[in-house]
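Worksheet: the structure to be examined is printed underneath.
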Amino acid sequence: MNNNQLAEVAKILGVSEDSISAMDDEIKNNMTAVFEQVTVKNDEDKKAVFEALDNLWQKGSIYIELAEVAKSTGITIETLRSLDYETQQTIVYEFIMDSSQTARFYDLVNKALAVADLPNVAKLIGTPVRELRSLPRRIQENVCGAYAMEYDADSTNTDLIDTIREMIAP
């Protein structure tokens, strides 16, 4: 991201250039890509650019705070960044409110990791992930556990598919 792009992003979002500069390279590169991929011709294009940049800025802000969480708790930044965005936000907000609740942060991380494979399970069994997320938490954890233990990339996984479908059947 060059200085002109940095200034333009800051202007569009109404934030300081420093807040953009502090973001990691992945976020800044994605912001640059927004400019390269969208030609602003009308108000709709302006809105799309703003929304894309704003989403990246929010994500980048969460990443900055996750680094603080990692330093404070000992949870690796890689683990924190692998979590779903909603969990990342929750951890950051709770950390800002009370950074001493280390056990709570570990609990949030463990709960998120227990169901991290839901998108993979959904793809495997051909069910929308939102449907799986509506199941009781215990069932979500059980199907993710079965997936983690039994999935074989070199197999049709027919038995695993049958097992998971039985687990989620009403």
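The values are calculated or read from the model by the stated rules, or taken from the named source; none is laboratory data. Here the structure is a predicted model, which means the values were calculated and not measured. So basically every Cβ, Gly included, is an ideal-geometry build from the backbone, and we count neighbours across all protein chains shown. The area values use the complete protein model at the heavy-atom level, side chains included, leaving out ligands, DNA and RNA. Shrake-Rupley method; radii C 1.70, N 1.55, O 1.52, S 1.80 Å.
Considering the range 6-76 at the alpha-carbon level, its Rg and Dmax are found to be 13.7, 47 Å.
Pop out the carbon and sulfur fraction of the accessible area of the chain as a percent, whole number, probe 1.4 Å.
On the way: 5020 of 10430 Å².
Roughly 48 percent of what the probe reaches on the chain is carbon or sulfur.
Overall, the anisotropy analysis places the range 46-151 in the oblate class: the square-rooted eigenvalues a ≥ b ≥ c of its C-alpha gyration tensor yield a/c not less than 1.5, with a/b not exceeding b/c. The calculated FRET efficiency for LEU113 paired with GLN37, based on their beta-carbon distance and R0 = 25 Å, is about 0.15. Residues ILE96, ILE161, ILE125, ILE139, sorted by accessible area with the largest first, give ILE96, ILE139, ILE161, ILE125 [1.4 Å probe; ligands and nucleic acids excluded]. Note the angle between two axes, namely the Cα long axis of helix 3-13 and the longest principal axis of the Cα atoms of the chain, as a number of degrees from 0 to 90, rounded to the nearest 10. Helix 3-13 and the main axis of the chain meet at about 70 degrees. With protein chains left intact and a 1.4 Å probe, residues in the chain average 61 Å² of accessible area per residue.
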